[in-house]
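Q: My structure is below; once you've seen it, I'll send some questions.
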Amino acid sequence: MKKVLLVRLSSLGDIIFNIPLANVLKHGGYEVHWLVSEKGRDVVQGNSCVDSIIYAPKTLKEYFKILREIRAQRFDIAIDTQGLLKSLVFTAFCGAKRCVVGTDAREFAILGGNEFVKIPKNLDFKDHISKKYLKYAQYLGLDVENAPVTLPPVNDEIKTKVDGLLHILDDKPLAVLCPATTWANKHWNKDRWRELVSAVKDKYNLVFTGTAQDAGLIDYIRNGKGLNLAGKTNLNELTEIFRRARLVVSLDSGSTHLAWAAGAQKIIAIFCATPKILYTPPGGIGLSGDLPCQPCHKKKCRLKSMQCTQYPAVEEVLKEILIYEDKRLCSV
């Protein structure tokens, strides 16, 4: 059995997008060892597609120690899907005979490879991004037809914790709203969120998720409605909440992609600066405006107006919710 080092350190969404690749490698007969940062630990550790994880170092001293440990494992292949300077060091010095890097690599990361996979740049790719990463498996001659996205199993302790968090809710279906992310121009206008909350508050038990830093924004958006769990869950607990949700409304964020991996019944994702064709979860709905500048896929708006954050209209989101509920009733 050949050993492969999968170098994908971050971010949470990108780590989730690489899980189908890891599953194909595993099913193809490889031992999969994943070099990952702290952010992605909970979705990789204990995942059935991974034999072991290696934590990315935080200090220079740790770099040398971990590099020695990696070299001692004598990997046959290293695959760098990160394609940045922070992954270059590991790919170049891991000791694997075959170091595979995508042609879309940046920050000189291409120098870490001795084999190269033609990978289209994000805005040139016209499918869900997880399929882009599967090109590495295709390059190795593996069948990518069965490429599931999996997460570690949720234990009884986590289920009990979530039961406690949600105990105040009544018997209405659960809708999880995730209104916060990292880039400013990936945020939908907070007043649009507030209007959406007002429209659906009587139909669903509303649960809001995010980090502790998002609590203030969420309190404004929810306007006294629903349950604010910002900063109160880890990734495993959030996974269990998504598994119980009938509906998730979110942005282009790690939460959206975690909800997809968790098997949330329906996901409606709102896209502002980033392309919905690339990041809408399979089976979900992606909504955005239709401005000439969209999608720019940039952290900062070159027009300085961030007009894209005003779209879509609340009515478009409500229409998709109604369509989903009507379909659901017809299938019961």
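Q: Would you mind telling me which numbered condition in (1) among the β-branched types (Val, Ile, Thr); (2) under 22 Å from the mean Cα position of the chain (by Cα); (3) modelled with pLDDT of 95 or more Val154 fails?
A: (3)
Q: Continuing with this model, one more query. Check Val43 against each of (1) buried (at least 23 other Cβ atoms within 10 Å of the Cβ); (2) closer than 20 Å to Tyr136 by Cα and name the one condition it does not meet.
A: So the condition that Val43 fails would be (2).
Q: Among what's in the stretch 72-106 and is touching a residue at least 24 places away in the same chain (Cβ under 8 Å) and acidic (Asp, Glu), pick the residue that is farthest from Ala56 (Cα to Cα).
A: The qualifying residue farthest from Ala56 (Cα to Cα) is Asp76.
Q: Pairs please, first residue from the stretch 286-309 and under 20 Å from Lys121 (Cβ atoms), second anywhere and loosely packed, with under 15 Cβ neighbours inside 10 Å and among the aliphatic types (A, V, I, L, M), Cβ atoms under 7 Å, 6+ apart in sequence or on different chains.
A: Cys293/Leu303; His297/Leu123
Q: Determine, yes or no, whether Pro312 is more than 16 Å from Pro179 (Cα to Cα), in contact (Cβ under 8 Å) with a residue 12 or more places away in the chain and touching a strand residue (DSSP E or B) at 6+ places or on another chain (Cβ under 6 Å).
A: The answer is no for Pro312.
Q: Among Thr160, Thr182, which is the only one that is hydroxyl-bearing (Ser, Thr, Tyr) and closer than 30 Å to Asp80 by Cβ?
A: Sole residue among the options that is hydroxyl-bearing (Ser, Thr, Tyr) and closer than 30 Å to Asp80 by Cβ: Thr182.
Q: Step by step: first the residues of the stretch 234-267, then only those that are of a type in the set (Gly, Ala, Ser) and more than 18 Å from Pro312 (Cα to Cα), then the one that is surrounded by the most Cβ atoms within 10 Å (Cβ to Cβ). Which residue is that?
A: Residue satisfying both the conditions and the ranking: Ala259.
Q: Buried (at least 19 other Cβ atoms within 10 Å of the Cβ) and modelled with pLDDT of 95 or more: is that true of Leu229 in this structure?
A: Yes; evaluated as a whole, the condition is true for this residue.
Q: May I ask you to verify whether Phe64 is surrounded by 15 or more Cβ atoms within 10 Å (Cβ to Cβ) and of a type outside the set (Val, Ile, Thr)?
A: For Phe64, the condition - surrounded by 15 or more Cβ atoms within 10 Å (Cβ to Cβ) and of a type outside the set (Val, Ile, Thr) - is not met.
Q: Is it the case that Cys99 is at pLDDT 95 or above, within 15 Å of Gly112 (Cα to Cα) and not acidic (Asp, Glu)?
A: yes
Q: Further question on the same structure: Quick one: what pairs do we get from the stretch 238-263, first residue within 18 Å of Leu165 (Cβ to Cβ) and not assigned by TED's automatic domain parsing to the domain that holds Trp193, second at pLDDT below 95 and not hydroxyl-bearing (Ser, Thr, Tyr), C-beta under 8 Å, 6+ apart or different chains?
A: Pairs found: none.
Q: Right, another one. Being more than 21 Å from Ile19 (Cα to Cα) and of a type outside the set (Asp, Glu) is the filter here, so list the residues in the stretch 30-69 that pass it.
A: Those that are more than 21 Å from Ile19 (Cα to Cα) and of a type outside the set (Asp, Glu): Pro57, Lys58, Thr59, Leu60, Lys61, Tyr63, Phe64, Lys65, Ile66, Leu67, Arg68.
Q: Let me ask something additional. Residue by residue through the stretch 264-281, note down the ones that are closer than 23 Å to Leu174 by Cα and part of a loop (DSSP other than H, G, I, E, B).
A: Ala264, Gln265, Lys266, Thr280, Pro281
Q: A follow-up question, please. Please list, ordered by first then second residue, the pairs with beta carbon atoms under 6 Å, 6 or more apart or interchain, first in the stretch 20-45 and within 17 Å of Asp80 (Cα to Cα) and without any contact (Cβ under 8 Å) to a residue 40 or more places away in the chain, second part of a helix (DSSP H, G or I) and of a type in the set (D, E, K, R).
A: That search, which allows pairs on different chains as well, returns Val32/Lys26.
Q: Still on this structure, I have one more. Return the total of residues in the stretch 1-35 being surrounded by fewer than 23 Cβ atoms within 10 Å (Cβ to Cβ) and closer than 19 Å to Gly113 by Cα.
A: 4
Q: Please find, within the stretch 282-303, the residue that is surrounded by the fewest Cβ atoms within 10 Å (Cβ to Cβ) out of those that are outside any loop (DSSP other than H, G, I, E, B) and either modelled with pLDDT under 95 or of a type outside the set (A, V, I, L, M, F, W, C) (or both).
A: Checking each candidate, the answer is Gly286.
The values are calculated or read from the model by the stated rules, or taken from the named source; none is laboratory data. Bear in mind that the values here come from a model prediction, so they are computed numbers and not experimental data. In this analysis, Cβ positions are derived from the backbone assuming ideal geometry, glycine residues included, and neighbour counts consider all displayed protein chains.
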